[in-house]
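Peer 1: Provided herewith is a single structure, encoded as structure tokens, for subsequent inquiry.
The values are calculated or read from the model by the stated rules, or taken from the named source; none is laboratory data. Source: prediction; values computed, not measured. In this analysis, Cβ positions are derived from the backbone assuming ideal geometry, glycine residues included, and neighbour counts consider all displayed protein chains. Side chains included, ligands, DNA and RNA excluded: accessible areas come from the protein's heavy atoms. Shrake-Rupley method; radii C 1.70, N 1.55, O 1.52, S 1.80 Å.
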Amino acid sequence: MNGKKTAFAERVSQNSKNYFPKDLFDLEAAGTFLERLHTMFGLDTLMTDRHGAVIMTHGNFDGFVPDVKNKPGNKIRVMERTVCHIYAKDENVAQNQKEAVNALLDAYIKTLEGFSGKSYMASEQAVYIDELEQQVEKDAYQAKYSEQNDPLTGLLNRNYFISRMRQLAEREIVPTAVICVNINDWKFFDSHFGEEESDRLVLTVANILRGKAEEAGFDDAVIGRIEGDVFHVLLPLVEEDEAKRYCDSIQGACECFEDEKLVPSIAVGCVIHINVEQSYRDALSDAEYAMFENKFAIKNAPGYREKIEKGINKK
């Protein structure tokens, strides 16, 4: 048995403890049959979950307290685990009908147990297959992007971005727009809405950076996620006015983004690298300084804090 089969076998042997009768069969349909046994033959029945909580009764069980541990009644079991109990009293059943009625109840219990087992396996298989498909997609994505790309966004990772930057320096490609982008208050969203939402914020900004570069026809754009909320962009052979339009477009797209929680506000700094004697490190430092000036202006603008905090009351 291979690893996946073993994992599935372990899963189905354990997960039945997480299921309740309503997850395995139609309670209304199940109750209809028990009600018929009561109205037609006088058989009183009471169904509980595995812990003894009463699900339904048909007949008189006044004062009866189920003791599923010491007096469990008829058990419905799935993968050798009890999922519910059916208690039955035949005092009101005609003597000449008791054997037949109890046989009907036994057949019903076996049928319900068999259906529950099939329902359980179908549910577990569906979930397991869905998880496998997601894992296959994740593995394929990571295999594609693991060496060069950031696994969350698909943009270049820090190391490969630096490698591409060095290539531009060696080839002395000028002019090149050097842009620094930082998400405003990313930690605010992470602390208030959690990692999943803060990751979605990062991915949203990444998609905007990439999409606007494609729209502008910057086929040689080098876009990297440098760390959590920081991106760097290099636009080879792009003049200052083109770079400015790109910066305006990414900030405008973030400004117009509609979401109940997220506000992808970004600070942007841009310089044009035209001197081959200047290092890209120095150009990035200048872009970062411009970005911080932009961040200060944005965060101190009227209404900024109210906009950032809009999602808190919708949590």
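Peer 1: Six or more apart or on different chains, Cβ atoms under 7 Å: show the pairs whose first residue is in the range 255-279 and farther than 25 Å from Asn300 by Cβ and part of a loop (DSSP other than H, G, I, E, B) and whose second is open to solvent by 60 Å² or more (accessible area, probe 1.4 Å) and of a type in the set (D, E, K, R).
Peer 2: Going by the 7 Å Cβ cut-off, the qualifying pairs are Glu260/Lys314; Val276/Glu172.
Peer 1: Shifting gears a bit: Can you pull out every residue in the range 31-46 that is part of a loop (DSSP other than H, G, I, E, B) and open to solvent by less than 10 Å² (accessible area, probe 1.4 Å)?
Peer 2: Leu43
Peer 1: Now, a different point. Out of all the residues in the range 54-72, which are in a loop (DSSP other than H, G, I, E, B) and open to solvent by 40 Å² or more (accessible area, probe 1.4 Å)?
Peer 2: Of everything in the range 54-72, those that are in a loop (DSSP other than H, G, I, E, B) and open to solvent by 40 Å² or more (accessible area, probe 1.4 Å) turn out to be Asn60, Asp62, Gly63, Phe64, Val65, Lys69, Asn70.
Peer 1: Name, by its number, the condition in (1) open to solvent by 40 Å² or more (accessible area, probe 1.4 Å); (2) aliphatic (A, V, I, L, M); (3) farther than 30 Å from Asn207 by Cα that does not hold for Val101.
Peer 2: (1)
Peer 1: So how many residues does the range 77-119 have that are among the aliphatic types (A, V, I, L, M) and assigned to a loop (DSSP other than H, G, I, E, B)? Break it down stepwise before answering.
Peer 2: From the range 77-119, those among the aliphatic types (A, V, I, L, M) are 78-79, 83, 86, 88, 93-94, 100-101, 103-105, 107, 109, 112; that's our starting set.
Next cut, assigned to a loop (DSSP other than H, G, I, E, B) only: 79, 93-94.
Total meeting the criteria: 3.
Peer 1: Only one of these is open to solvent by 10 Å² or more (accessible area, probe 1.4 Å), in a helix (DSSP H, G or I) and either among the small types (Gly, Ala, Ser) or touching a helix residue (DSSP H, G or I) at 6+ places or on another chain (Cβ under 6 Å) (or both): Ile208, Ile226. Name it.
Peer 2: After ruling out the rest, the residue left standing is Ile208.
One line per residue, one yes/no per condition, for (1) more than 30 Å from Ser13 (Cβ to Cβ); (2) under 24 Å from the mean Cα position of the chain (by Cα); (3) not in a helix (DSSP H, G or I):
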| site | (1), (2), (3) |
| --- | --- |
| Ala122 | no, yes, no |
| Pro151 | yes, yes, yes |
| Phe161 | yes, no, no |
| Phe189 | yes, yes, no |
